1. Among (1) in contact with a helix residue (DSSP H, G or I) (Cβ under 9 Å, 6 or more places away or on another chain); (2) at pLDDT 95 or above; (3) assigned to a helix (DSSP H, G or I); (4) not charged (D, E, K, R), there is one condition ILE5 misses while meeting the rest; what is its number?
2. May I ask you to list pairs of residues, at least six apart or on different chains, whose Cβ atoms are under 9 Å apart, with the first in the stretch 36-58 being of a type in the set (S, T, N, Q) and the second being outside any helix (DSSP H, G or I) and modelled with pLDDT under 95?
3. If ARG69 satisfies every condition in (1) more than 16 Å from PRO103 (Cβ to Cβ); (2) out of contact with any strand residue (DSSP E or B) (no Cβ under 9 Å at 6 or more places or on another chain); (3) not aromatic (Phe, Trp, Tyr) but one, which is the exception?
4. Among the residues of the stretch 21-28, is there at least one that is within 12 Å of LEU3 (Cβ to Cβ), out of contact with any Lys or Arg (no Cβ under 8 Å at 6 or more places or on another chain), free of Cβ contacts under 8 Å to residues at least 40 places away in the same chain and small (Gly, Ala, Ser)?
Amino acid sequence: MRLLIVEDELLIAMDLELQLAEFGHEVVAIAADPDEAVAAARAYAPELVLMDLHLARGTSGVDAARRLREELRLRCVFVSATLDVATVAALGALDPAGFVAKPVLPATLRRALEQAAAAGHP
């Protein structure tokens, strides 16, 4: 699967990229804010996005996900240290492909991607 990582912490993004490569997926780009995410998605046509909720310069992963959904019909697996019930409920309108809590464990990430694929989101 071709994936875009939207994460402003480089070490976390690199760790996600390594995990995804081990699972046989291709990371097409890493972006740190909503504008970079949309530009990368347009340029590299990912099938799915791994989206952090809190991005660089105080921007929001929710805003980035909304733009990707509306402009490019892309769905996101949200990654965050703050995945409480209220946050998950608030993200429901974006039709998320899944959720992964930080720190990201390989088994959890793999399961989220398998569930997204099984649901028909790549």
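The values are calculated or read from the model by the stated rules, or taken from the named source; none is laboratory data. Computed from a predicted structure; not experimentally measured. Note that we place each Cβ from the backbone using ideal geometry, even for glycine, and neighbour counts take in every protein chain shown.
1. (3)
2. Nothing qualifies.
3. Failing condition for ARG69: (2).
4. Yes: the stretch 21-28 contains one or more residues that are within 12 Å of LEU3 (Cβ to Cβ), out of contact with any Lys or Arg (no Cβ under 8 Å at 6 or more places or on another chain), free of Cβ contacts under 8 Å to residues at least 40 places away in the same chain and small (Gly, Ala, Ser).
Here's the yes/no breakdown for (1) among the acidic types (Asp, Glu); (2) in contact with a Pro (Cβ under 7 Å, 6 or more places away or on another chain); (3) modelled with pLDDT of 85 or more:
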{"site": "ALA56", "(1), (2), (3)": "no, no, no"}
{"site": "THR59", "(1), (2), (3)": "no, yes, no"}
{"site": "ALA65", "(1), (2), (3)": "no, no, yes"}
{"site": "VAL85", "(1), (2), (3)": "no, no, no"}
{"site": "ALA101", "(1), (2), (3)": "no, no, yes"}
